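Visitor: What follows is a structure written as structure tokens; I'll ask about it next.
The values are calculated or read from the model by the stated rules, or taken from the named source; none is laboratory data. It should be emphasised that the depicted structure is a prediction, and the values quoted were computed from it without experimental measurement. Virtual Cβ from ideal backbone geometry, glycine too; neighbours counted across all protein chains shown. Side chains are part of the model used for accessible areas, which takes the heavy atoms of the whole protein and leaves out ligands, DNA and RNA. Shrake-Rupley method; radii C 1.70, N 1.55, O 1.52, S 1.80 Å.
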Amino acid sequence: MKDAAPQAVHLDDYTPPPFLVESVSLIFRLDPKATKVQSRVRFVPNPDAVPGQALRLDGEGLILLNATLDGTPVTARPDETGLTLPAEALPRGPFTWEAEVEIAPEGNTALEGLYMSKGMYCTQCEAEGFRKITFYPDRPDVMAPFRVRIESDRPVLLSNGNPVAQGPGWAEWDDPHPKPAYLFALVAGDLVAHSDRFTTSEGREVALNIWVRKGDEGRCGYAMDALKRSMRWDEEVYGRAYDLDVFNIVAVDDFNMGAMENKGLNIFNSKYVLASPETATDTDYDNIERIIAHEYFHNWTGNRITCRDWFQLCLKEGLTVFRDQQFSADTRSGAVKRIEDVIALRARQFREDTGPLAHPVRPDSYVEINNFYTATVYEKGAELIRMLRLLVGAQAYDAALQLYFQRHDGQACTIEDWLQVFADATGRDLSQFKRWYVQAGTPRLHVDETWEEDSGTYTLTLRQHTPPTPGQPLKEPLLIPVALGLLAPDGREIMRSAVLELAAPEQGFVFEGLPARPVPSLLRGFSAPVILQHAQSAERQAFLLAHDTDPFSKWEAGRALARNLLMQMSRADAAPGPAWLDAMEAVLADDSLDPAYRARLLALPDEEDIARALHEAGHTPDPAAIHAAREKLRQTLAAHLEPRLATLYDTMDTPGPYSPEARDAGRRALRLSCLSLLSALDGGARAARLFDQAGNMTEQFAALNCLLHIGAGDEAAARFYRQWAHDRLVIDKWFGARVRNAPPARAAQTAEDLSRHPDFTWQNPNRFRAVFGALTANTAGFHHASGAGYRLLADWLIRLDPVNPQTAARLSTAFETWARFDPARQQMIRTELKRIAETPGLSRDMTEMTSRILG
Ligand code: TRP
Ligand code: ZN
């Protein structure tokens, strides 16, 4: 039985729960080896379900001590995944199930359910962790108010909702808002709070606390500030106010993902809470702001309105990512935020969508739901909301969201419910739009132009095509919003953005009476997650880079130029022409452009981006050649721009105390991009100086990276380590920087050496990812022809899998691009994947991943 193939769950098999839960009460007697969990659950038959069904309770790894039904002992015998109370054994009406189970949080290394992190008890229940705590219908469409009592010797005892009572060694919490079990949370530890207050627009006084281990309390200020700004923003923009008397956040060091939106008790990976100027970079501050906002926004989009089943995950995640993107765009430069989001979308989601792991934003089957917390569900899910908003308009979007909150508050919903709200609020038929949710793959958008000089008629012909993806050979045409502007040959704008709606496989759009042949600025703001196939000359791209009034498309033009150049250079001994270099010089010199934006313009596409583009164009990417081409182009660019880079490096200094605000962060971004290019010329002289004098981690870490990248960083790295040996978050950076910057031929060896370092606590996900995530991010190193990178990663995934399958399975996606490469690399990767797949006792998580990747 043990080795039987894991069972898939199918959306089509959904049936409503036979019983609903009226209330839950839990008592925890915490002990590292033998925690006792007593539960009392009031069940009522679900009027919407077929009557006379058995009650199935999920439960995994629990020792059942005793159980009663309406007070009468039951001799239920659990199986591997739970227990069934047959229909005959159940009273007709409502009834009460009581049980006591024993669990051992100390031995829980998977970090799912109740576990321990440095002496602190904490929980992670999404998606299906609650079943590791007690027997319960662990499915999101069963929502109930929870009451929790914690007994423990730890001084701080937290759970969801409002505190009701406490005494020495115990505390009680009450969460009046019905919630699914995946939003349950409990924390017990020796914690200190950074506290504040917030008065909601409805006049509610909310106590805010960020709980951390002693010594970290001075690093919570920025997270608290971001929280208060998020709360205000959600009131102002979405009309959503907070609904409990306390909002608690806890930082834990051992955590599988970024953070978790448990009702009233968010639990965070400490790397997304703790920040001080000396220890955190601008990127860290950005991430903290974004993730604090994301988890807070879930209070309405996810918690008050949740998902009917896990296939609907994008209902909460896509929408909440879109909301956090809007928040960040409002807080910082909207253009730069959009550019960063698109870079990430292409790097993670396009990559996923064109490989063996492609799946729809709403998948229709899964083996292990943890494997579906993907870029497609999250980031493409957010793009779908963005398109919807563009199609119906901002006002109609706002009206639809108000209807959504009003109609579905307290419910567990589907994508059908969501789209129905939009149909009802706007009168639009969204049946074609719905295909975006159920059809996997990135559409290709082919563009043709014709121009009739005599009549001044310009015709744009758009054709769409979505290539097959696993299990979906044939694709239907999608409704694609294409934002378009038209520029005159002198660079003036003759048409501001209009949104063309491409619904058919092919459609022509005619513009009449134009004085001269226009230059189209297509897909402004990246109006749809598609790959544009538009054969444009380098001159035209340079023209758009110089003149486009849409900041995204301007950047995109520059990026396309650089990408094409790098594709050529990686395939033959090409060199950049003066046109590109001059264009780059011009944008860098344009002081009307925000420094953060100029930093983005200056950055070259990364190696993964170039490899993907080569594959898309029908070529086999050579990771070594791509690396060499990119290094060469950086060198050429640096040499061409040297005086200007040097000046900017000096003038973009940010004197005075460090501030994470957008203005200073943007100046640092530009300054440090200049530094990185200059390091290719000055032997690291500036970087070495900055490393010595840096007053904040942004500068110190950038300087370290520059030095490591040019192979002159050994001494700086040693000093950095000595300076920060006591700080786990900074030491994670140190591990990562050494691996990411290792020359390709040394990357695997560097990672292997570091895996023997006494600080390599590999069971900690942050540390594991610091080394092995960095190895996979070192594209040329990971894909080095020796295959050493593949072997090392496979060795460590095999080792991690029995300890923490979720984190191991997630990192296995590094192998998803195997089919792009030459036969030798394909062979090596497949060999490693098979070696993993054949490991005895492999987790369900990893079994599913290897079999999907191998195809
Ligand atoms: N719902 C969380 C979020 O998007 C992410 C999440 C899902 C998660 N499963 C998890 C976090 C497991 C940590 C561990 O914010
Ligand atoms: Zn989320």
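Visitor: Suppose we filter PHE268, PHE247 for residues that are within 20 Å of ASN108 (Cβ to Cβ), assigned to a strand (DSSP E or B) and either within 16 Å of ligand 1 (Cβ to nearest atom) or without any contact (Cβ under 8 Å) to a residue 40 or more places away in the chain (or both); which single one remains?
Guide: Criteria check complete, one pass: PHE268.
Visitor: If you don't mind, another one. Is there a residue in region 505-516 that is touching a His at 6+ places or on another chain (Cβ under 9 Å), at negative phi, modelled with pLDDT of 95 or more and not in a helix (DSSP H, G or I)?
Guide: Yes - at least one qualifying residue is present in region 505-516.
Visitor: Let me ask another. Could you figure out which of (1) of a type in the set (Val, Ile, Thr); (2) within 14 Å of ligand 2 (Cβ to nearest atom); (3) under 15 Å from the mean Cα position of the chain (by Cα) isn't true of THR283?
Guide: Here THR283 clears every test but (2).
Visitor: Taking region 108-130 only, how many residues are more than 8 Å from ligand 1 (Cβ to nearest atom) and touching a Gly at 6+ places or on another chain (Cβ under 6 Å)?
Guide: Number of matching residues: 2.
Visitor: Looking at region 5-56, which of its residues are aliphatic (A, V, I, L, M) and outside any strand (DSSP E or B)?
Guide: Scanning region 5-56 gives ALA5, ALA8, LEU11, LEU30, ALA34, ALA49, VAL50, ALA54.
Visitor: Given PHE772, PHE691, which one is in the same structural domain as GLU661 (by TED's automatic domain parsing), in contact with a Cys (Cβ under 9 Å, 6 or more places away or on another chain) and in a helix (DSSP H, G or I)?
Guide: After applying the criteria, what remains is PHE691.
Visitor: Can you tell me which of ARG825, ARG810, ARG791, ARG799 is assigned by TED's automatic domain parsing to the domain that holds LYS733, touching a helix residue (DSSP H, G or I) at 6+ places or on another chain (Cβ under 7 Å) and open to solvent by 10 Å² or more (accessible area, probe 1.4 Å)?
Guide: Only one candidate qualifies: ARG791.
Visitor: Among the numbered conditions (1) free of Cβ contacts under 8 Å to residues at least 40 places away in the same chain; (2) within 30 Å of HIS640 (Cα to Cα); (3) part of a helix (DSSP H, G or I); (4) open to solvent by 10 Å² or more (accessible area, probe 1.4 Å), tell me where ALA712 comes up short.
Guide: Among (1) free of Cβ contacts under 8 Å to residues at least 40 places away in the same chain; (2) within 30 Å of HIS640 (Cα to Cα); (3) part of a helix (DSSP H, G or I); (4) open to solvent by 10 Å² or more (accessible area, probe 1.4 Å), ALA712 violates only (3).
Visitor: Of all residues in region 351-371 being open to solvent by less than 10 Å² (accessible area, probe 1.4 Å) and part of a helix (DSSP H, G or I), which is farthest from ligand 1 (Cβ to nearest atom)?
Guide: Taking the candidates together, the pick is ASP353.
Visitor: If you go through region 566-587, how many residues are of a type outside the set (Phe, Trp, Tyr) and buried (at least 21 other Cβ atoms within 10 Å of the Cβ)?
Guide: Total meeting the criteria: 6.
Visitor: Same structure, new question: Using beta carbons and a limit of 7 Å, which pairs, at least six apart or on different chains, have the first residue in region 802-813 and touching a residue at least 60 places away in the same chain (Cβ under 8 Å) and more than 15 Å from THR839 (Cα to Cα) and the second one away from ligand 1 (no atom under 14 Å from the Cβ) and open to solvent by less than 20 Å² (accessible area, probe 1.4 Å)?
Guide: THR807/PHE768; THR807/LEU800; THR813/LEU357
Visitor: Is it the case that region 350-367 has a residue that's under 15 Å from the mean Cα position of the chain (by Cα) and among the basic types (Lys, Arg)?
Guide: Within region 350-367, one or more residues are under 15 Å from the mean Cα position of the chain (by Cα) and among the basic types (Lys, Arg).
Visitor: Within region 250-265, restricting attention to residues that are closer than 18 Å to ASN766 by Cβ and of a type in the set (Asp, Glu), which residue is nearest to ligand 1 (Cβ to nearest atom)?
Guide: ASP254
Visitor: Where in region 69-138 are there strands (runs of 3 or more DSSP E), lying fully within it, with 2 or more residues that are surrounded by fewer than 23 Cβ atoms within 10 Å (Cβ to Cβ) and of a type outside the set (A, V, I, L, M, F, W, C)?
Guide: It comes to 82-85, 95-103, 113-117.
Visitor: When only residues in region 271-314 that are in contact with a strand residue (DSSP E or B) (Cβ under 7 Å, 6 or more places away or on another chain) and without any contact (Cβ under 8 Å) to a residue 60 or more places away in the chain count, which is nearest to ligand 1 (Cβ to nearest atom)?
Guide: Checked region 271-314; the qualifying residue nearest to ligand 1 (Cβ to nearest atom) is GLU295.
Visitor: Given the criteria more than 15 Å from ligand 1 (Cβ to nearest atom), open to solvent by less than 60 Å² (accessible area, probe 1.4 Å) and of a type in the set (Asp, Glu), does ASP216 qualify?
Guide: Here the answer is yes, as ASP216 does meet what is asked.
Visitor: Is there a residue in region 288-297 that is open to solvent by 10 Å² or more (accessible area, probe 1.4 Å), under 27 Å from ARG671 (Cα atoms) and modelled with pLDDT of 95 or more?
Guide: Yes: one or more hits.
Visitor: If you go through region 292-341 one residue at a time, how many are basic (Lys, Arg) and within 16 Å of ligand 2 (Cβ to nearest atom)?
Guide: The qualifying residues number 3.
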